[in-house]
Amino acid sequence: MFAQKVIDAATAAEPSGGTRRRDLFRSIGVDPDGPVDPKQMVPDTDYYALCARVAREDPNGASVPIRVGSSMRCDDYGAFGLAWKSAIDLRGSYQRSERYARVLTSVATYECVEEDGRFFMTLNRAGERHLGMRLSNEQTIVAVTQISREVAQEPFSPDAVYFRHSGPDDITAHESYFGCPVHYDADRDAIEVSKDHLLAPNKLGDPSISAFFDTHMEKEIAELPEAQELDGRVRSLVSRTLSEGVPNVADVAARLGLSARTLQRRLAAQGHAFQDLVDDARQDLAVRLLRRTDYALAEVAFLTGFAEQSAFTRAFKRWRGETPANFRRTIQHA
């Protein structure tokens, strides 16, 4: 369904059965003549490649994420969209994304976060921030904004929008769409939402209908195959909690609705060990912070769960074969 939206945006001025449209569908392994199946999953690498290709071939490629994301409607998401629409308020809608987004993707998670009285709807997606992923993240944040506007009773705009990657040369179209400041090279991919917007009743919020779709979505979640990137979900959860200390297996398992023993067994069946995933998450976060921020090394150590900078330095040398200071100097002069 997401891929179809990208292809629709890329071929809006072309015949519906045009050669380019058919070629784009084939590039992601989808039959261009078959019906669109919202439950059919496309490999993330193929989807990112599609996003990058479409943007490169478009004269106004930087605006493609806005065109794609703003075309989304709750009804496009099936039962997930109905659960979002029937939630009592936007906080309830966002909480459904936290719990049920696995029916849409196995490579991203969502989190509604409160920090010092500020509220963020945050997208978490691990991996290298190449062009395709950056475009996909922008599409997602636009789509979240679009369907928030669809269900909110009052006109909705975020207080601010944040992207972890660098922005295009001209962000006028982004600021015009969101109606607020857009910050790139930030520490998160998120929209910041006022408390008034978050707690205002949704247009169609209904407790009984909301409860019905919660039950339906719980059933869909329970029927998902176990091969849904459990290791990625563990890494993502670990990354988000490292500044509070390194989480143990029981804490992470509880967030996933599993027992510690079940989580370890399922990871082992996929060839992973919990501690190795924790190590991977710490390394990935450390590299991102050294690349994207000017935090002191002691701050990076703290944010990646180390009590002392010396312990962080030893771990980083084991991961990357050089000290964090040397790594930062190298990328700054690359």
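The values are calculated or read from the model by the stated rules, or taken from the named source; none is laboratory data. All values derive from a computational prediction rather than experimental measurement. Counting neighbours? That spans all protein chains shown, and the Cβs are built from the backbone with ideal geometry, glycine included. Just the protein is used for accessible areas: all its heavy atoms, side chains included, with ligands, DNA and RNA removed. Shrake-Rupley method; radii C 1.70, N 1.55, O 1.52, S 1.80 Å.
Given the conditions (1) surrounded by 17 or more Cβ atoms within 10 Å (Cβ to Cβ); (2) touching a strand residue (DSSP E or B) at 6+ places or on another chain (Cβ under 7 Å); (3) of a type in the set (A, V, I, L, M), report the number of the one that residue 199 does not fulfil.
(1)
Can you find a residue that is at pLDDT 90 or above, closer than 30 Å to residue 206 by Cβ and open to solvent by less than 60 Å² (accessible area, probe 1.4 Å) anywhere in region 24-42?
No, because not a single residue in region 24-42 is at pLDDT 90 or above, closer than 30 Å to residue 206 by Cβ and open to solvent by less than 60 Å² (accessible area, probe 1.4 Å).
Quick check on my filter: what residues within region 67-96 are among the hydrophobic types (A, V, I, L, M, F, W, C) and either surrounded by 22 or more Cβ atoms within 10 Å (Cβ to Cβ) or in contact with a strand residue (DSSP E or B) (Cβ under 8 Å, 6 or more places away or on another chain) (or both)?
Let us first name the residues in region 67-96 that are among the hydrophobic types (A, V, I, L, M, F, W, C), namely 68, 72, 74, 79-80, 82-84, 87-88, 90.
Within region 67-96, 68, 72, 80, 83, 84, 87, 88, 90 qualify.
I need the full set of residues from region 292-328 which are open to solvent by 50 Å² or more (accessible area, probe 1.4 Å) and farther than 29 Å from residue 184 by Cα, in order please.
Selection gives 307, 308, 310, 314, 317, 318, 321.
Give me the helices (runs of 4 or more DSSP H) completely within region 285-334, filtered to those with at least 2 residues that are within 25 Å of the chain's Cα centre (by Cα), ordered by residue number.
It comes to 297-303.
Just a yes or no: is a residue in region 204-222 open to solvent by 80 Å² or more (accessible area, probe 1.4 Å), under 19 Å from residue 108 (Cα atoms) and either at pLDDT 90 or above or part of a loop (DSSP other than H, G, I, E, B) (or both)?
no
Select from region 236-291 the residues that are among the acidic types (Asp, Glu) and open to solvent by less than 70 Å² (accessible area, probe 1.4 Å) and list them in ascending order. Write out each step before concluding.
Step one: of region 236-291, the residues among the acidic types (Asp, Glu) are 244, 251, 276, 279-280, 284.
Correct list: 279, 280, 284.
May I ask you to verify whether residue 223 is acidic (Asp, Glu) and over 19 Å from the mean Cα position of the chain (by Cα)?
yes
Which pairs do you get when a residue that is within 22 Å of residue 128 (Cβ to Cβ) and part of a helix (DSSP H, G or I), found in region 229-256, comes within reach of a residue that is among the β-branched types (Val, Ile, Thr) and open to solvent by 20 Å² or more (accessible area, probe 1.4 Å), reach meaning Cβ atoms under 8 angstrom, with the pair 6+ apart or on two chains?
That search, which allows pairs on different chains as well, returns 232/107; 233/109; 236/109; 237/109; 238/246.
Just one of 168, 155 is farther than 23 Å from residue 47 by Cα and surrounded by fewer than 20 Cβ atoms within 10 Å (Cβ to Cβ); which is it?
Within the list 168, 155, the selection yields 155.
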